[in-house]
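The values are calculated or read from the model by the stated rules, or taken from the named source; none is laboratory data. If you're wondering where the values come from, they're calculated on a predicted model, not measured in any experiment. Note that each Cβ is placed from the backbone with ideal geometry, even for glycine, and that neighbours are counted across all protein chains shown. All accessible areas refer to the heavy atoms of the entire protein, side chains included, with ligands and DNA or RNA removed. Shrake-Rupley method; radii C 1.70, N 1.55, O 1.52, S 1.80 Å.
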Amino acid sequence: MGHRHPALEVLGMIQFGNIYAGKRVLVTGHTGFKGSWLTTWLTELGAEVTGLALDPEASPNHWQLLNTSATDVRGDIRDAEGVLRLAEQVQPELVFHLAAQPLVRRSYRAPLDTWSSNLMGSAHVLDACRQVSSVRAAVMITTDKVYQNQEWAWGYRESDALGGYDPYSASKAACELLIDSYRRSFGPPQTSLLIASTRAGNVIGGGDWAEDRLIPDLVRALAQSQPMEIRSPQSTRPWQHVLECLSGYLLLGQRLLKGDASAAQAWNFGPAFTDNRSVQQVLTGLQQHWPELDWHTGTAPQPHEARLLYLDCALAHTELNWQPVWSLEQALEMTAGWYRHFYATGQAQTREQLRQYLDAASRSGRSWIAPAQEASPL
């Protein structure tokens, strides 16, 4: 059996074949919503994590509540020399790239910042991966909004056309072209570097306080004893708990670290089709676990945002044997519970909810988790 880590022994489970224990991992955007959850999970898996990110904008901030063992480095991915210098110092074996300008409405206000962060920032990360020989794999996180949205009533597959109306979506679609270029130009057979991209649906969960996001806006309004104004109550999205897509990222990283070149491609990670719900349905479901929530529909004109978006995740289901663990109802319950606990105690339930998720994954027989005594040798 390979190296074990105390956190894994406490859980009594081996996750992802124990491949992350002792691995040097660089996470960009570790102070953000997804990045902070991912960094927590990686440190629980025994990885030696270094994070690169700007100072958090929001207050409260999830990252500052976590007290992880990760090395916290502040910097800007638009600084090519700084990114390369950090990669040379850390000598990571795997890079998870999440740093981005992630907001559609902000991209209308700051299009050049959005393009420079999302496209050139990603180019700097990829080029550092190319130049630093320790890097065996990179998982580049983009978005479900990279597709040329036709408002179809069926899910987009990884082979469907890329596009983007707003600067955020377009910059992320361009990032997919960049990733594919680096994968073809600087991956096998030229080198052993394996590069994959991931496109996930709308993620929810505790610890998100970003602007212009449905649940964080609702939580802020409640904290201020104000009803929230919602923009598009009938818009439909593929909602999922943040841990769902992160399990996909980690499963993909496992395959890449094992040298599986077939995994070096684009992947969708989204919920079951039945969990594609409207904004109104999500708010109503959340209110069942947090009755004090209140909102109303605004009438002011808004910048363009897609109204209908589904993902087809058959590739991840078939080739990675990845499936979601929690239903949307469970995800909403966990999200409401996290925030209610935080506002009552000032404490984050992040690790506790991670353990609940792992227990549910184990009970449902997910391929990436097994009791320690049943895990196969590396």
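General observations
- Stokes-Einstein D (µm²/s) once Rh is taken as the Kirkwood radius of the stretch 209-344 over alpha-carbon pairs, at 25 °C in 0.890 mPa s: 148 µm²/s
- Its residues counted as N, the stretch 331-373 yields a C-alpha radius of gyration over 2.2 N^0.38 Å of 1.40.
- Percent of beta bridges antiparallel (DSSP, the stretch 186-330, rounded to nearest 5): 20 percent
- The chain - share of DSSP beta bridges that are antiparallel (%, nearest 5): 15 percent
- Expressed as a whole percent, the accessible surface of the chain that belongs to carbon and sulfur atoms is 49, based on a 1.4 Å probe.
- The stretch 197-289: radius of gyration over Cα atoms, expressed as a fraction of 2.2 N^0.38 Å: 1.31
- Label-point gap, in nm, between residue 181 and residue 273 - each point 7 angstrom along Cα→Cβ: 3.7 nm
- Values of log10 I(q)/I(0), in the order q = 0.12, 0.22, 0.23 Å⁻¹, for the stretch 158-222 under a Debye, Cα-only, solvent-free model: -0.51, -0.96, -0.99
- Counting only Cα atoms, the size of the chain along its three principal axes is 55, 45, 38 Å, in decreasing order.
- Placing a pseudo-label 7 Å from each Cα along the Cα-to-Cβ vector at residue 370 and residue 234 gives an inter-label distance of 5.0 nm.
- Here the Kirkwood formula, the inverse mean of 1/r across different C-alpha pairs, assigns the stretch 37-139 a hydrodynamic radius of 14.6 Å.
- Förster radius 41 Å - calculated FRET efficiency between residue 190 and residue 343, Cβ distance, rounded to 0.05: 0.20
- For the stretch 29-71, the relative contact order is 51 percent, taking Cα pairs closer than 8 Å that sit 6 or more residues apart in sequence and dividing their mean separation by the residue count.
- Rolling a 1.4 angstrom probe over the protein heavy atoms with all chains in place gives the stretch 88-148 an accessible area of 36 Å² per residue.
- Between residue 105 and residue 134, full extension at 0.36 nm per residue minus the direct alpha carbon distance yields a gain of 6.7 nm.
- Were the residues from residue 127 through residue 284 laid out at 0.36 nm apart, the gain over their Cα-Cα distance would be 52.0 nm.
- Integer Hz, Karplus 6.51/-1.76/1.60 couplings in order for the stretch 334-340, x for Gly and Pro: 5, 5, 4, x, 4, 5, 5
- Rel. contact order, % - alpha carbon contacts under 8 angstrom, at least six apart, the chain: 19 percent
- Theoretical gain in end-to-end length, residue 152 to residue 296 [0.36 nm per residue, Cα-Cα removed]: 49.1 nm
- For residue 163, the amide hydrogen comes within under 5 Å of the amide hydrogens of 147, 148, counting only partners 5 or more places away or on other chains and with H modelled in the peptide plane.
- Relative contact order for the stretch 235-285, counting Cα pairs under 8 Å that sit 6 or more residues apart, in percent: 63 percent
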